[in-house]
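Student: Okay, handing you the structure first.
The values are calculated or read from the model by the stated rules, or taken from the named source; none is laboratory data. What you see is a predicted model, and the numbers here were worked out from it, not measured in a lab. We place every Cβ from the backbone using ideal geometry, glycine too, and count neighbours over all the protein chains shown. Side chains included, ligands, DNA and RNA excluded: accessible areas come from the protein's heavy atoms. Shrake-Rupley method; radii C 1.70, N 1.55, O 1.52, S 1.80 Å.
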Amino acid sequence: MKKILVLGSGGQIGSELTMRLRSVYGGANVVAADIKLPLIDDIMQSGPVEQCDATNAAQIAEIVKKHNIDAIYNLVAILSATAEKNPMLGWNIGMGALLNCLEVARENKCAIFTPSSIGAFGASTPLDGTPQDTIQRPNTIYGVTKVAGELLGDYYFTRFGVDARSVRFPGLISNVTLPGGGTTDYAVEIYYAAVKGEKFSCPLKKGTLLDMMYMPDALDAAINIMEADPSKLIHRNSFNVTAMHFDPEEIYAEIRKHKPDFVMEYQLDDMRQKIADSWPNWMDDTCAREEWGFKPKFNLQNMTVDMLDILSKKFGK
Ligand code: AKB
């Protein structure tokens, strides 16, 4: 990867991945793009920025040609709970952006990364130790777009030689840009509430196990899979990756070790609960570890220390 385009630079992953890619490949070599500008100051000031509606293929193609792009990070998606409220929007944005990116990548010989998700699994998948290759019959429109995206990525690779790669991200926990409309968002919001001294209402019930990962590990995964030796890849779209799994009680207890006065109560969101119940409790990510050396650094304990520290500084607490 020499010249990279990040579509969705304003989002939870994009706002951090853009800065990480710039630190690795140089600010001038990473073009940040989003439908909505301006982006955060760090991004605006450290390299090229373009306005781009990813559902418009001509706009993507123009930016790719203008900047001689050879790798595209397509991070455009509507997250699970929002997509479930508006399935057509979820499909049109998720699939529209992906198909456009794949076509532009084919025409311009670009590599392409598009995240898949634990949402690509469903209630009929083995939920404990979910294997790399298993039943994928998701019950959400978000999951349907993720499975279709995985299949399209492999299709464009075998049919046209497009270097399409992907990982199935679990819930991502981060502190720069809040996620919005996801099922796993509670695991981010709980830290913000703890630092601000607010009571937290948890939308998922006690015992709801979900895979999670701290953003620094997700950024490493997104870069390392694209840098991986292609001759070692047996899989491509998409690799199970995870760093930890916990239920609301476990993350609450971990935060209370540092903030003993913090209070969490339950206020269940039926839609999110239904989605979470259909997702893996924990995935087996052996293939990612063996094929391209995936090795996360953060667990619930050291992530909690880091999240509380960074957010305390951010909010002057
Ligand atoms: C969501 O909850 O929708 C996302 C995801 C796990 O893909 N964070």
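Student: ³J(HN,Hα) across segment 115-127 via Karplus (A = 6.51, B = -1.76, C = 1.60, θ = phi - 60°), whole Hz, x for Gly/Pro?
Tutor: x, 9, 7, 4, x, 6, 9, x, 4, 8, 7, x, 8
Student: Given the Cα-Cα distance of D261 and N224 and 0.36 nm per residue of separation, how much length would full extension add, in nm? It would help to have the intermediate numbers written out before the result.
Tutor: Values: separation 37, 0.36 × 37 = 13.32 nm, distance 3.98 nm.
Full extension of this stretch gives 9.3 nm more.
Student: Quick check: Cα centre of segment 114-154 to Cα centre of segment 250-275, how many Å?
Tutor: Rounded to whole Å, the Cα centres lie 26 Å apart.
Student: Here's another thing I want to ask about it. If packing is taken as the mean number of other Cβ atoms within 10 Å per residue, what is the order of 168-174, 93-99, highest first?
Tutor: 168-174, 93-99
Student: A follow-up question, please. Given R₀ = 51 Å, what would the calculated FRET efficiency be for K66 paired with K196, taking r from the Cβ atoms and rounding to 0.05?
Tutor: Working from the Cβ atoms, E equals 0.75.
Student: Counting other C-beta atoms within 10 Å, and keeping those with at most 14, which DSSP coil trypsin sites (Lys or Arg not before Pro) do you find in segment 53-125? All intermediate terms of the calculation are to be shown ahead of the outcome.
Tutor: Numbers: sites: K65, K66, K85, R106, K109; in loops: K109.
The qualifying sites are K109.
Student: Shifting gears a bit: Below 13 Å, Cα to Cα, which aspartates and glutamates can K274 reach? Residues fewer than 8 away in the same chain don't count.
Tutor: Of all the aspartates and glutamates, those that pass the test against K274 - Cα under 13 Å, at least 8 places apart if same chain - are E84.
Student: With the Cα gyration tensor of segment 239-280 in hand, convert its eigenvalues to equivalent ellipsoid semi-axes via √(5λ) and list them largest first in whole Å. Spell out each step's value before the answer.
Tutor: Values: eigenvalues 110, 60, 6 Å².
Equivalent ellipsoid semi-axes, largest first: 23, 17, 5 Å.
Student: Kindly provide the Kirkwood hydrodynamic radius of segment 195-317 in Å, to one decimal, from all pairs of distinct alpha carbon atoms.
Tutor: Radius from the Kirkwood sum: 16.4 Å.
Student: Given N residues in segment 135-213, what is its alpha carbon radius of gyration divided by 2.2 N^0.38 Å?
Tutor: Normalised by 2.2 N^0.38 Å, the Cα Rg of segment 135-213 equals 1.45.
Student: Over segment 159-317, give the accessible area per residue in Å² for a 1.4 Å probe, as an integer.
Tutor: 42 Å²
Student: Another one. Enumerate the whole-percent occupancy of each 20 Å bin, from 0 to the last occupied one, for all C-alpha pair distances of the chain.
Tutor: Pairs per bin, as whole percents: 34, 59, 7.
Student: Efficiency by 1/(1 + (r/R0)^6): what FRET value for K109 and L37, r their Cβ-Cβ distance, R0 = 25 Å, to the nearest 0.05?
Tutor: Details: r = 28 Å, r/R0 = 1.11.
Approximately 0.35, to the nearest 0.05.
Student: Something else: Non-local amide H neighbours of M244 (under 5 Å, H modeled in plane, Pro and chain starts lacking H): which ones?
Tutor: Here M212 satisfy the definition.
Student: Report the label-to-label distance for A123 and A28 in nanometres (one decimal), using points 7 Å from each Cα along the Cα→Cβ vector.
Tutor: Distance between the two pseudo-spin positions: 5.6 nm.
Student: Sort largest first and round to whole Å: the equivalent ellipsoid semi-axes of segment 1-129, each the square root of five times a Cα gyration tensor eigenvalue.
Tutor: 26, 16, 15
Student: Here's another thing I want to ask about it. Out of the total accessible area of the chain (probe 1.4 Å, heavy atoms of protein only), what percent is carbon and sulfur?
Tutor: That share works out to 52 percent.
Student: Any idea what the relative contact order of segment 176-317 is, in percent, if you count C-alpha pairs under 8 Å spaced at least 6 apart?
Tutor: It rounds to 40 percent for segment 176-317.
Student: Which peptide among 17-25, 294-302 comes first, and what is the full order, when sorted by highest mean count of other Cβ atoms within 10 Å?
Tutor: In descending order of packing, they fall as 17-25, 294-302.
Student: Would you mind checking the tilt of helix 12-25 against the longest principal axis of the Cα atoms of the chain, expressed as 0 to 90 degrees and rounded to 10?
Tutor: Approximately 50 degrees, to the nearest ten.
Student: At 7 Å along Cα-to-Cβ for each site, give me the label-to-label distance between T158 and T286 in nm.
Tutor: Between T158 and T286, the label points sit 2.3 nm apart.
Student: To test your reading of the geometry: what angle, between 0 and 90 degrees and rounded to tens, separates the Cα axis of helix 57-66 from the longest principal axis of the chain?
Tutor: 70 degrees
Student: If I stretch the segment between L268 and K232 completely, what's the gain in nm (0.36 nm per residue apart, minus their alpha carbon distance), one decimal?
Tutor: Numbers: separation 36, 0.36 × 36 = 12.96 nm, distance 4.40 nm.
Length difference between fully extended and current span is 8.6 nm.
Student: What does the extension gain come out to for Q45 and K314, with contour length at 0.36 nm per residue minus their alpha carbon separation?
Tutor: 94.9 nm
Student: Return the inverse of the average 1/r over all pairs of distinct C-alpha atoms in segment 80-132, which is the Kirkwood hydrodynamic radius, in Å to one decimal.
Tutor: Numbers: mean 1/r = 0.0749 Å⁻¹.
That comes to 13.4 Å for segment 80-132.
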